[in-house]
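Each remark here refers to the structure printed beneath this line.
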Amino acid sequence: MKSQDVLLLIKLICLEQREREQQRLAGEMTELIKQGDAYLSDQWRGWEDHSEQDPPVHNDSYSVRALQASLGISKTEIASALKRCQYIGLLRVDPDTQLPRVNNKALLGFIEHGLRYVFPAKPAEMVRGIPTSFSAPMLQGKLMSGGDLIHVWPDAYGNRKGQSVTPLFKTVPGAVKKDHCLYEYLALIDAIRLGNAREANLANKILREKVLQS
């Protein structure tokens, strides 16, 4: 298993959740998109790359080409990751829609018990970047910090300075600018990779609740 596999699986979870939300709220879709775009614009102001946010989810959103565009991973790597994840049981193909669906419980089990050992992270030098772990905007206030330093993914357009954390995969800083859900989940995953027992347990709890929501 490779780190880009985890990134791909989390992206697929985000797509499926957005797909279900669209199905439930089809009549209000236009207004929701407008509100979502405005919110995302505020979140990225100051360090956005001006790339277009992910469009509404449809079957083509799951194609190798679309996943390449949203994640910055080559089509060859995407195809290989899909095969690996299906082989080890973290992914299946829905027999009705033929869309890839993540084995959420199995993935959450790996993230909780194995991810920090397979893909460890350690804060390094001070750099400008995108806040991650409990320093990310959507997670602030979830846990009282014991210090003043924050954790960031290095990014030339970052509007915060903090201790550098190598992202799960090199394309993460660009990918999260296009998908607020992906950003939130990867920040939680970094809290698990970086945090002490209390922080990791809280991040696991939040991640599990969000991923397994109906």
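Residues of segment 63-180: accessible area per residue at 1.4 Å, in Å²?
About 53 Å² of surface per residue is accessible.
When you have a sec, figure out the Kirkwood radius of segment 150-211 from all distinct Cα pair distances and drop it here in Å to one decimal?
Taking the inverse mean of 1/r over all distinct Cα pairs, segment 150-211 comes out at 12.3 Å.
Chymotrypsin sites (Phe, Trp or Tyr not before Pro), restricted to segment 77-151: which are DSSP loop and have at most 12 other Cβ atoms within 10 Å?
Counting only loop positions with at most 12 other Cβ atoms within 10 Å, none of the chymotrypsin sites (Phe, Trp or Tyr not before Pro) in segment 77-151 qualifies.
The values are calculated or read from the model by the stated rules, or taken from the named source; none is laboratory data. In this text the structure is predicted, and so the values were computed from the model without any measurement. Methodologically, a virtual Cβ is constructed for each residue, glycine included, from the backbone with ideal geometry; neighbour enumeration extends over all protein chains shown. All accessible areas refer to the heavy atoms of the entire protein, side chains included, with ligands and DNA or RNA removed. Shrake-Rupley method; radii C 1.70, N 1.55, O 1.52, S 1.80 Å.
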